[in-house]
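Every number in this text was worked out from the coordinates using simple rules, so none of it is lab data. In this text, all values refer to a predicted model and were calculated from it rather than measured experimentally. As a convention, Cβ positions derive from the backbone with ideal geometry for all residues, glycine included, and neighbour counts pool all protein chains shown.
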Amino acid sequence: MVTRATCLNETIVAMDLWHLALPVKSRRDHGIGTVANTVDVVIVRLVSESGVVGFGEASPWAVFTGTAESCFSALDRYLRPVVIGARIGDIPAIMKQADSHVVHATEAKAALETALLDLVGNATGMPVWSLLGGKCRDTIPLSVSLADPDFDRDVELCEKLRQQGISIVKVKTGTRGHAFDIMRLERLRTDFPEFDVRIDYNQGLDPTDALRQLIDMEAFKVTFIEQPVAARHFDVMADLRARLQTPLLADESVFSSTEMLRAVQQRICDCVSVKIMKSGGLSNGRNIAAIAEAAGMAAYGGDMFETGLAHLAGVHMIAASPNISLGCEFYQASFYLEEDVLTDPFPIQDGHVVVPDAPGLGMTVNPDCLQKYAVTASAGAKEFP
Ligand code: MG
């Protein structure tokens, strides 16, 4: 008889990959770069010897984490030998080996761990959050980011969000000058007074002028100020944190547990954005949240330019991590991509993401979408079951 425990001894017999270029609805300006036309992601599918499947996603951004081409190569050439023939239940051992086979490549490793967890969840009938120890929340407050160079379009989006019960927005500041940022905050505070507003500079401010601009922004009572200066400027972040009353959130400064420790030691922030694409997976993301918790800092569920598949990995991580308590920004599948890779709509209800209870990640990937948007695919991936 195959029990839940014995099925974990099954081995992985196939790893298939798709590099997708997915059309997006508008241009977006961020402090470190612009996104337009398409976003590139890599989808990985693992198959066990009895035919159980698990999916994961790498969602790189060239100016932030890396490239889709490097993710594809890391998985296809360097991580494939680690995965094929491994037992599906040996996730920590596989991830440790992955670290020793290719340095960095955090998005590729996030995709791999996500697919392994989805595979084990599907094999055992357990949701991914249960594999991480259980859950502490059934829903997660959703934040939608505003980054359209045409602010009137973002105002239209805010009206739509209000109708859907979504009341957290994050304004991408520091892209078109301080006056543009002030204008947008004034308008939001006037027209959407009930909104919880956060601002994110994506490293966009010059350290010499950052404090003066941020003091102006504090007048709008934003919930937090995210990564105003370059990731490497730990001393500047610490200085700004000491001088501002608004909580300072670190994003690009903290990819790893080691950087989180350093952030705590140098007191550069009051809270931190945890993203599986930065940390290299759900387990590492939870480690970062745990270090933050020990230091008295809350964590936020950030993302990159992702489909609903990568969003779901983040959802399960946050569901299992009490300290990731500042909500999440998993809005891209519903509000930014022309078409998501999931068969069903990404689960949003009354301004919250709903944590799935079905096995694995809890949703299925649409094979037609993989075929339609594939730039390249690995040999086996051309035949979708
Ligand atoms: Mg950010």
Thr65, Thr11 arranged by Cβ crowding within 10 Å, fewest neighbours leading: Thr11, Thr65
Relative to the present Cα-Cα distance, how much length would full extension add between Arg267 and His104 at 0.36 nm per residue of separation? 56.2 nm
Helix axis angle, 151-163 relative to the chain longest principal axis, alpha carbon, degrees: 70
Between Asp235 and Asp191, 0.36 nm times their residue separation minus their Cα-Cα distance comes to what? 12.2 nm
Nitroxide proxy distance, nm - points 7 Å out along Cα→Cβ at Gln163 and Arg80: 4.8
Considering the alpha-carbon set of region 217-331 alone, what are its Rg and its Dmax in angstrom? 13.4, 40
Determine the calculated [θ] at 222 nm for the chain from helices alone, applying -39500 (n - 2.57) to every DSSP H run no shorter than 4 residues and normalising by the residue count; nearest 500 deg cm²/dmol. -11000 deg cm²/dmol
Could you list the square roots of 5 times each eigenvalue of the Cα gyration tensor of region 22-177, that is, the equivalent ellipsoid semi-axes, sorted largest first and rounded to whole Å? 34, 21, 13
Using only the C-alpha atoms of region 131-354, find the volume of their convex hull and express it per residue in Å³. 115
Among Cys271, Cys71, which comes first, then next, by fewest other beta-carbon atoms within 10 Å? Cys271, Cys71
For a protection proxy built on the mean count of beta-carbon atoms within 10 angstrom, sort 304-311, 136-143 highest first, please. 304-311, 136-143
The percentage of Cα-Cα pairs in the chain separated by more than 33 Å is 27
Residue order, fewest to most beta carbons within 10 Å, for Thr67, Thr246: Thr67, Thr246
Violating pairs (Cα-Cα greater than 22 angstrom) within the set Lys96/Lys135; Lys96/Lys275; Lys172/Lys275: Lys96/Lys135
Linear extension gain, Asp216 paired with Lys25, 0.36 nm per residue minus alpha-carbon span: 65.6 nm
Name the residue farthest towards the positive end of the dipole of the chain from the options Val355, Pro207, Ala377, assuming +1 on Cβ of Lys and Arg, -1 on Cβ of Asp and Glu, about the Cα centre. Pro207
